[in-house]
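Sharing a structure below in structure tokens format, with a few things to ask.
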């Protein structure tokens, strides 16, 4: 498994709290920061899993510590902290040019993609 994965991106309009309706201001939205953190964790595992397997997020605990304006660069890192047969845990950190903006932890489950989707789609059939 990869030990860590880092994503670097610039804050654009569709990443702001005002755009995603999680707030009124044109700063990096908390749900977008969390999404970037999950994406980094997912990418950390992606190339290491056997064919037909994937990972899904099961738990996120995050603190958003500082606002990041439009145009700023954000760097998000997921570091693998624990690995079991079907669960993987990560430490998460997000930075902008001024320093730490968010931190937390994330857990992902390793699943068979086809079986996972069958189970999800069966929910529609039972309605």
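A short reminder: the numbers here are calculations on the coordinates, not readings from a lab. All values derive from a computational prediction rather than experimental measurement. Here the Cβ positions follow ideal geometry from the backbone for every residue, glycine too, while neighbour counts run over all protein chains shown.
Rounding to the nearest 10 and keeping the result within 0 to 90°, find how far the Cα-based axis of helix 30-46 lies from the longest principal axis of the chain.
For 30-46 against the chain, the angle is about 40 degrees.
Something else about it: For residue 82 and residue 18 in one chain, what is 0.36 nm times their gap in residues minus the Cα-Cα distance, to one decimal in nm? Can you show the working numbers first?
Working: separation 64, 0.36 × 64 = 23.04 nm, distance 3.56 nm.
Answer, rounded to one decimal: 19.5 nm.
Quick check: residue separation of residue 10 and residue 25 times 0.36 nm, minus the Cα distance between them. What number comes out in nm?
On the way: separation 15, 0.36 × 15 = 5.40 nm, distance 1.67 nm.
Taking 0.36 nm per residue and subtracting the Cα distance, the gain is 3.7 nm.
At 0.36 nm per residue, and after removing the present C-alpha to C-alpha distance, how many nm does the segment from residue 115 to residue 51 gain when stretched out fully? Could the numbers behind the result be given before it?
Values: separation 64, 0.36 × 64 = 23.04 nm, distance 1.32 nm.
So the chain would gain 21.7 nm between residue 115 and residue 51.
Now, a different point. Over the chain, with a Gaussian network built from C-alpha contacts below 10 Å, which listed residue (36, 83, 92) shows the highest mean-square fluctuation?
83
Would you calculate a helix-derived [θ] at 222 nm for the chain, using -39,500 (n - 2.57) for each DSSP H run of n ≥ 4 and dividing by the full residue count, to the nearest 500? If you can, show how the numbers build up before the last one.
Values: 3 runs with 34 residues, N = 127.
-8000 deg cm²/dmol, from helical runs alone.
Return the single residue from 91, 55, 22 with maximal mean-square fluctuation; model: Gaussian network over the chain, springs between Cα atoms under 10 Å.
Comparing 91, 55, 22 in a Gaussian network model of the chain, the most mobile one is 22.
Put a dot 7 Å past each Cα toward the Cβ at residue 123 and residue 103; how far apart are the dots in nm?
3.4 nm
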